[in-house]
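**Student:** One structure coming up, written as structure tokens, with questions to follow.
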Amino acid sequence: MKLCVIGTGYVGLVGAAIFSDWGNDVVGVDIDTEKIDRIKKGEMPIYEPGLSEIVLRNISQNRLTFTTSIADGIKDAEIVFICVGTPQSDTGAADLSAVWEVAKDIGKNMNGYKVIVTKSTVPVGTNEKVKMIIRENLPGPQIEFDVASNPEFLREGSSVEDMAAPDRTVVGSDSEKAHAVMRRLYEHLNTPIVECDLRSAEMIKYASNGFLAAKISFINEIAQICERAGADVTVVARGMGLDKRVGSAFLNAGIGYGGSCFPKDVAALYKTSTDQDYDFKLLRSVMEVNVAQRENFMNKVLRHFGKNLAGRTFAILGLAFKGNTDDIRDSVSIEIVKKLRGLGAKLRVYDPEAMYNAKQALGAVNVEYCLDKYETMQGADALFVLTEWKEFATVELDKVKTLLKSPVIFDGRNLLDRAKVEEMGFTYFAVGKRTNGMVKIDTRNLYQTVLLNTNGSTGQH
Ligand code: UDX
């Protein structure tokens with residue numbers, strides 16, 4: 001089939017790469033000339049395992065081309081995918097200005113029947129407005145088109161696999177003709193295709209992300225109770241997850257969810273609910289628990305070291321919002337680093353992929369960027385594990401012990417083996433486990449107290 005993908009961010013670039021790998025002719029469009037030039041040379045604007053190989057292979061086989069012109073891009077396309085960003089606006093709602101712009105350009109350049117498909121995450125009702133904008137901008141009233149919603153469920157770090165072999169494909173449209181076109185693209189996958197109306201498809205995406213975020217906040221609250229009651233949340237999650245109705249995914253307790261999707265999509269879904277005069281109470285709690293989780297973590301640090309961290313140096317492993325990505329958008333790790341710095345600490349930081357992005361976000365003041373995980377630990381008062389990179393789980397504990405000034409570990413991702421860590425004589429603070437680091441449960445919220453006292457001097461909260 002002939003396809004056009006507008007927007008070459010995570011969704012668009014991975015989508016274009018995989019669609020072309022399936023044998024389709026794909027034109028990728030982006031307004032950023034420099035980005036397009038780099039992609040053509042095989043330099044990916046994002047870190048995504050396996051992506052550059054697929055892009056280069058399909059460019060060389062002439063199935064994948066790029067342009068900065070929407071007119072050129074859509075000229076021969078049967079399906080046009082809108083994959084532009086929908087960042088969070090000040091109100092919590094998604095900012096759809098890029099979608100409207102692209103819809104206008106598509107409308108102006110329509111030259112025959114096409115299905116216009118939104119892949120960007122957009123609130124309920126957006127596709128109907130896309131349809132209206134395209135219709136208003138058509139060069140002639142005789143030109144036919146349909147719109148469809150085809151949300152993506154890609155996870156950063158494994159988006160290539162997720163796109164190539166999804167659990168399900170969701171296609172919403174009010175037109176049977178459009179459904180038939182979309183079926184041709186996806187039916188070879190032999191995975192379920194949920195065909196529905198536009199609004200239900202838009203809702204499926206938000207409901208899925210909201211539910212996954214709720215799972216994380218649920219296990220994070222269970223972790224709080226485990227700490228107080230003397231249970232171990234990792235064991236509890238395993239015991240729960242083996243029940244197929246519960247499922248084991250997204251039950252890792254930690255410092256809370258971050259990233260470019262969950263925080264924004266959960267806020268947007270909540271906004272949709274209030275716009276519909278409904279208070280989505282559960283989702284409101286999901287967001288509150290997520291913020292509280294990082295405060296709980298900070299409280300452990302402050303209970304151990306006191307409220308003034310001046311003169312302390314901490315080793316930080318992990319800056320990305322999760323493992324296998326260089327993305328630091330809404331990274332809880334970056335926020336914790338800022339909080340520690342705000343309280344006077346010096347940080348020695350390392351992340352396998354996110355160093356460049358972290359430098360832009362954190363600057364140089366009281367942050368030293370290290371070449372590997374062990375370099376961070378030299379002379380540090382404690383080690384912090386903040387991102388779930390596999391390589392941090394295999395850290396050599398005897399080496400850690402010789403490098404740190406004092407054997408203290410704050411493990412925000414429960415990556416390390418508690419028994420081994422404690423056997424080696426570390427004071428170990430994990431999430432949702434009563435450990436030797438937690439002599440007595442203290443429920444005071446010290447971190448919030450500090451914020452009140454310093455009156456915004458930390459400024460990060
Ligand atoms: C998410 C959705 O999974 C994906 O379907 C959607 O298309 C985009 O948003 P992504 O943001 O890439 O993907 O990351 P994900 O793997 O879902 O993790 C999100 C955040 O939750 C990360 O900060 C991660 O560390 C955290 N997380 C995840 C937990 O704290 N515990 C878990 O058990 C799982």
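The values are calculated or read from the model by the stated rules, or taken from the named source; none is laboratory data. Here the structure is a predicted model, which is why all the values come from computation and not from measurement. Here the Cβ positions follow ideal geometry from the backbone for every residue, glycine too, while neighbour counts run over all protein chains shown. The protein model used for the area step is the full one, side chains on, heavy atoms only, and it has no ligands, DNA or RNA in it. Shrake-Rupley method; radii C 1.70, N 1.55, O 1.52, S 1.80 Å.
**Student:** Sort the following peptides by mean Cβ neighbour count (other Cβ atoms within 10 Å, averaged over residues), highest first: 292-298, 413-419.
**Tutor:** Ranking, from highest mean packing down: 292-298, 413-419.
**Student:** Out of all DSSP beta bridges with both ends in the chain, state the antiparallel percent to the nearest 5. Walk me through the intermediate numbers first.
**Tutor:** Working: 3 of 47 bridges.
Rounded to the nearest five, the antiparallel share is 5 percent.
**Student:** Give the span of segment 322-420's Cα atoms along each principal axis, as three whole-Å numbers ordered largest to smallest.
**Tutor:** Projected onto its principal axes, the Cα set of segment 322-420 covers 35, 28, 22 Å.
**Student:** How would Phe211, Phe410 line up by accessible area, probe 1.4 Å, largest first?
**Tutor:** The residues order as Phe211, Phe410, largest area first.
**Student:** OK, next. In sequence order, what are the phi-derived ³J(HN,Hα) couplings for segment 412-425 according to the Karplus relation 6.51 cos²θ - 1.76 cosθ + 1.60 with θ = phi - 60°, rounded to whole Hz, with x for glycine and proline?
**Tutor:** Here the 3J(HN,Hα) series is x, 10, 6, 7, 8, 7, 4, 4, 5, 4, 6, 4, 7, x Hz.
**Student:** So if I take the alpha carbon set of the chain, get Rg, then get Rh from the Kirkwood formula, what is the Rg over Rh ratio? Working shown, then result.
**Tutor:** Values: Rg = 24.0 Å, Rh = 23.8 Å.
Rg/Rh: 1.01.
**Student:** OK, next. Kindly state, to the nearest 0.05, the FRET efficiency for Lys307 paired with Gln276, given R0 = 30 Å and r defined as their beta-carbon distance. Provide the component values of the computation, followed by the final result.
**Tutor:** On the way: r = 43 Å, r/R0 = 1.44.
After rounding to 0.05, the efficiency reads 0.10.
**Student:** Work out from phi, with θ = phi - 60° and the Karplus expression 6.51 cos²θ - 1.76 cosθ + 1.60, the ³J(HN,Hα) of each residue of segment 376-382, listed in order in whole Hz, and give x for Gly and Pro.
**Tutor:** 4, 7, 4, x, 7, 7, 6
**Student:** Given Cα positions, please report Rg to Rh for segment 2-196, the hydrodynamic radius being the Kirkwood one.
**Tutor:** Values: Rg = 15.7 Å, Rh = 16.7 Å.
Ratio of gyration radius to Kirkwood radius for segment 2-196: 0.94.
**Student:** Now a separate question. Give the percent of DSSP beta bridges with both residues in segment 197-461 that are antiparallel, rounded to the nearest 5.
**Tutor:** Working: 1 of 19 bridges.
Here the share of antiparallel DSSP bridges comes out near 5 percent.
**Student:** A follow-up question, please. In whole angstrom, and with the biggest value first, how far do the Cα coordinates of segment 197-461 range along each principal axis?
**Tutor:** Computed over segment 197-461, the largest-to-smallest principal extents equal 60, 39, 36 Å.
**Student:** Computing the accessible area with a 1.4 Å probe over protein heavy atoms, can you report the carbon and sulfur percentage for the chain?
**Tutor:** 51
**Student:** Ignoring everything except DSSP H segments at least 4 long, calculate the 222 nm mean residue ellipticity for the chain; use -39,500 (n - 2.57) per segment, divide by total residues, nearest 500.
**Tutor:** On the way: 19 runs with 206 residues, N = 461.
The per-residue figure over the chain is -13500 deg cm²/dmol.
**Student:** I'd like to check one number: the per residue accessible area of the chain, probe 1.4 Å, reported in Å² as a whole number.
**Tutor:** In whole numbers, the chain has 43 Å² accessible per residue.
**Student:** Could you go through segment 394-410 in sequence order and give the Karplus-derived ³J(HN,Hα) for each residue, using 6.51 cos²θ - 1.76 cosθ + 1.60 with θ = phi - 60°, rounded to whole Hz, and x for Gly and Pro?
**Tutor:** 9, 4, 7, 5, 5, 5, 4, 5, 6, 7, 6, 6, 9, x, 10, 10, 10
**Student:** Give me the extension gain from Ile46 to Val246: residue separation times 0.36 nm, minus the current Cα-Cα distance, reported in nm with one decimal.
**Tutor:** Gain on extension, Ile46 to Val246, equals 68.7 nm.
**Student:** Over the chain, what is the relative contact order in percent, taking alpha-carbon pairs closer than 8 angstrom and at least six residues apart?
**Tutor:** 11
**Student:** Here is a follow-up. Any chance you could check the Cα centroid distance between segment 329-395 and segment 201-238 for me, in angstrom?
**Tutor:** About 25 Å separates the Cα centre of segment 329-395 from the one of segment 201-238.
**Student:** Next question. In segment 2-196, what percentage of the DSSP-assigned beta bridges are antiparallel, given to the nearest 5?
**Tutor:** Among the beta bridges of segment 2-196, antiparallel pairing accounts for roughly 5 percent.
**Student:** How big is the Rg/Rh ratio for segment 68-149, C-alpha atoms only, Rh by Kirkwood, two decimals?
**Tutor:** Radius of gyration over Kirkwood radius for segment 68-149 works out to 0.97.
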